[in-house]
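Following: one structure in structure tokens, then a few remarks.
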Amino acid sequence: MRQSIGLLALVLAGLHLGRVWLGGEVVLVVATGAMALMALMIAATFLWLYAVRATPLALGMAFSWLGWGLFAGSVWLVGAGQAPGALLAVLAFCIVGAVLHFSVIHRSFGWHGASFLWPVGVSLAAGLLALALP
């Protein structure tokens, strides 16, 4: 955990310095593009892990990273406001990945049934609540 926090601090500092030297828009474009490509590479790795049956979480991870890679890539190439329909279609990959994760986590606790969907419901309710607030 200590290394992760240190890495986060280093990345935040690098992004801040980039913003100061190059401007926020330039750094955002570069970072979003880099994240899109890294996410797609990670998705491919997890898809391979699923294919060789290395871990039950691999398919959920593949969908999650593919979704975020496509989402970030879409924002990077098109812009968030330019094609909301396409971004929503890409976001479906992220949602499927999250649901698959909750399903595997649910089973790892020895639970059965559809109760693994409660985090999805809570998340949707929180989004609707945020939309309703001024």
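The values are calculated or read from the model by the stated rules, or taken from the named source; none is laboratory data. Predicted model, so just to flag it, every value in this text is computed and none were measured. Methodologically, a virtual Cβ is constructed for each residue, glycine included, from the backbone with ideal geometry; neighbour enumeration extends over all protein chains shown.
Does segment 16-28 contain any residue that is of a type in the set (A, V, I, L, M, F, W, C) and closer than 27 Å to His101 by Cβ? Steps first, please.
To start, the set of residues in segment 16-28 that are of a type in the set (A, V, I, L, M, F, W, C) comprises 17, 20-22, 26-28.
Now drop any that are not closer than 27 Å to His101 by Cβ, which leaves none.
For segment 16-28, residues of a type in the set (A, V, I, L, M, F, W, C) and closer than 27 Å to His101 by Cβ: absent.
Being over 24 Å from Ser74 (Cβ atoms), loosely packed, with under 11 Cβ neighbours inside 10 Å, within 17 Å of the chain's Cα centre (by Cα) and aliphatic (A, V, I, L, M) is the requirement here; does Leu8 meet it?
The answer is yes for Leu8.
Among the residues of segment 95-123, how many are under 18 Å from Trp68 (Cβ atoms) and without any contact (Cβ under 8 Å) to a residue 40 or more places away in the chain?
Counting residues in segment 95-123 that are under 18 Å from Trp68 (Cβ atoms) and without any contact (Cβ under 8 Å) to a residue 40 or more places away in the chain gives 9.
From the list Leu40, Leu17, which one is assigned to a helix (DSSP H, G or I), of a type in the set (A, V, I, L, M, F, W, C) and either touching a helix residue (DSSP H, G or I) at 6+ places or on another chain (Cβ under 8 Å) or modelled with pLDDT under 85 (or both)?
Leu40
For a quick check of your reading of the model, give me the residue pairs whose first member lies in segment 18-35 and is in contact (Cβ under 8 Å) with a residue 12 or more places away in the chain, whose second is surrounded by fewer than 16 Cβ atoms within 10 Å (Cβ to Cβ) and hydrophobic (A, V, I, L, M, F, W, C), with beta-carbon atoms closer than 8 Å and at least 6 apart or on different chains.
Correct list of pairs: Gly18/Val26; Gly18/Val30; Val27/Leu15; Ala31/Leu15.
Look through Leu59, Leu91, Leu66 and report the one residue that is modelled with pLDDT of 80 or more, in a helix (DSSP H, G or I) and closer than 23 Å to Ala31 by Cβ.
When all the criteria are applied, what remains is Leu66.
Run down Val52, Val122, Val75 and say which single residue is in contact with a Leu (Cβ under 8 Å, 6 or more places away or on another chain) and of a type in the set (Val, Ile, Thr).
Among Val52, Val122, Val75, only Val75 is in contact with a Leu (Cβ under 8 Å, 6 or more places away or on another chain) and of a type in the set (Val, Ile, Thr).
Out of everything in segment 94-121 that is exposed (fewer than 13 other Cβ atoms within 10 Å of the Cβ) and of a type in the set (Ser, Thr, Tyr), what residue ends up being modelled with the lowest pLDDT?
Going through the qualifying residues, I end up with Ser108.
Restricting to segment 25-47, count the residues that are exposed (fewer than 12 other Cβ atoms within 10 Å of the Cβ) and among the small types (Gly, Ala, Ser).
Of the residues in segment 25-47, 0 are exposed (fewer than 12 other Cβ atoms within 10 Å of the Cβ) and among the small types (Gly, Ala, Ser).
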